[in-house]
Amino acid sequence: MDTILVVNAGSSSVKFQVFSIEGEGRLRRQIKGQMEGIGSRPRLRASGTTGDPLADRAYPIEAVPDVPGAMGVAGEWLREEMRIHPVAVGHRVVHGGPEYDRPVLIEHGVVSRLERFATLAPLHQPHNLAPIRSILSRFPELPQVACFDTAFHRTHSAVADHYAIPHQLHSEGVRRYGFHGLSYEYISKALPQIAPEIAGLRVIVAHLGSGASMCAMKGGQSVESTMGFTALDGLPMGTRPGQLDPGVVLYLMSEKGLSAAKIQDFLYRDCGLKGLSGLSNDMRELEASDSFNAKLAIDHFVYRIGLNAGMLVAALQGLDAFVFTAGIGENSAGIRARVVEQFGWLGVTLDAAENARHSRLISRPGSLIPVYVVPTDEELMIARHTLSLLMNGPSRDAKHKRVS
Ligand code: ADP
């Protein structure tokens, strides 16, 4: 059985999935797993297609001190016990910089080019690249593909791509990139099947998970995103504040004496729903809580989605459909109802029963704008890209495109 391995590596966990390649290039998920607690309490967990457990075992910290160690242990388990010998590996890489507008086959020079973007995403890029390097050193012949969270947004106009700062910084890479691109690309590819009548029109997709952003799409392409230079901007998230006056960062430096590293930690880990509620970054816990600050955190989350949607409607010059996706968007009928309430001014009306059932279409037939729930699948998107590059090779202009 030919398989593709998909790897999504972070600082403390390496998530992986195995897809088998079926007839006519169809992909079927076979294994889903992760090595978590890297460098602290390493644990390998994996399950099969029906959620049946395949592995749940702890490792000593010395066996899994870092991401390459985690990749080594997970890879050995896949090879020795699962008999998986993938024909290619697809990686989630957060940053493709200004250059990459699509996935790329890892060939000579690509990794070092991607390393340059580590300064643009220092918390993620080095961890994303570590497994690519360790697989390259052990299995140099195995094709690997890097799939970027930024690539889908490279269609933005120059007006959308710029901050109002001197050009020199833009040419150094200080731009409004946008993230969650693999999720948005998956939705954009799914819409023609799910809702062909709106797929080519003006659509806002709300990816509401522990990270949260929204994408304005026209004709299936991204024209605007709530995220910018980093994945800190835009909507409030589990532990990130979303849009913040840069003056707050100056205040933290000058009045609180915090270093850049401390501020970074604060902005990525202590803000958002967690910071505002003082309780949790998990929407389920906040929805179950009676605390005033938990309610405030939810109200703020919903309010900012409404505000940002207004901004994206302006970017699109109208709206033809709205789509919810990711952990909160797919699973919380309560948050969806609250968000849709914010869109009353656009003539959107919710079908409460369909919303409670998590149906695909959750707006009423008379709603001026239809509202959908579409589960995302970033790993399947990566597997598809990997297979496509394996079968067809890079398209002529695909290696990297300069966006000036
Ligand atoms: P990520 O992939 O970025 O970790 P997910 O898209 O899996 O995030 O979303 C995770 C978040 O989704 C959780 O933190 C939780 O807040 C939220 N979530 C998951 N299920 C539910 C649910 N049934 N109700 C409300 N929120 C949920």
**Asked** Which of the aspartates and glutamates could be linked to Lys262 by a straight reach, that is with a Cα gap under 12 Å, when you skip same-chain ones fewer than 8 residues away?
**Response** Asp270
**Item:** Footprinting exposure proxy for Val205, Val18 (fewest neighbouring C-beta atoms within 10 Å first)
**Value:** Val18, Val205
**Asked** How far apart, in nm, are the 7 Å Cα→Cβ label points at Leu368 and Phe229?
**Response** 3.7 nm
**Prompt:** If we count other beta carbons within 10 Å of each Cβ, what is the order of Lys15, Lys274, Lys262, fewest first?
**Reply:** Lys262, Lys15, Lys274
**Asked** How far apart, in nm, are two points set 7 Å out from the Cα along the Cα-to-Cβ line at Met253 and at Ser47?
**Response** 4.6 nm
**Item:** Phi to ³J(HN,Hα) by Karplus 6.51 cos²θ - 1.76 cosθ + 1.60 over segment 174-181, Hz, x for Gly, Pro
**Value:** 7, 9, 8, 6, x, 9, 6, x
**Item:** Packing rank of 40-49, 136-145, where each peptide gets the mean count of other beta carbons within 10 Å, highest leading
**Value:** 40-49, 136-145
**Asked** From the Cα gyration tensor of segment 305-383, with a ≥ b ≥ c the square roots of its eigenvalues, which class applies: rounded if a/c is under 1.5, or else prolate if a/b is larger than b/c, or else oblate?
**Response** oblate
**Message:** What are the ³J(HN,Hα) couplings of segment 308-315, residue after residue, when phi is run through the Karplus curve with 6.51, -1.76, 1.60 and θ = phi - 60°? Round to Hz, x for glycine and proline.
**Reply:** 5, 5, x, 4, 6, 4, 5, 4
**Prompt:** If you plug each phi of segment 8-19 into the Karplus form 6.51 cos²θ - 1.76 cosθ + 1.60 with θ = phi - 60°, what whole-Hz ³J(HN,Hα) values come out, in order, with x for Gly and Pro?
**Reply:** 10, 9, x, 6, 10, 8, 10, 8, 9, 9, 10, 10
**Item:** Inter-site label distance for Leu169 and Asp56 at 7 Å from Cα along Cβ, in nm
**Value:** 4.9 nm
**Prompt:** Ranked by Cβ crowding within 10 angstrom, fewest neighbours first, how are Arg360, Arg202 ordered?
**Reply:** Arg360, Arg202
**For Gly228, distant residues with modelled amide H under 5 Å away** = Gly178, Asp233
**Asked** Counting pairs of alpha carbon atoms under 8 Å apart in space and at least six apart in sequence, what relative contact order in percent does the chain give?
**Response** 15 percent
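The numbers here are math on the coordinates, done by the rules we state, and not lab data. Computed from a predicted model, the values in this text were never measured in an experiment. Glycine also receives a Cβ, built like all others from the backbone with ideal geometry; neighbour counts cover every protein chain displayed.
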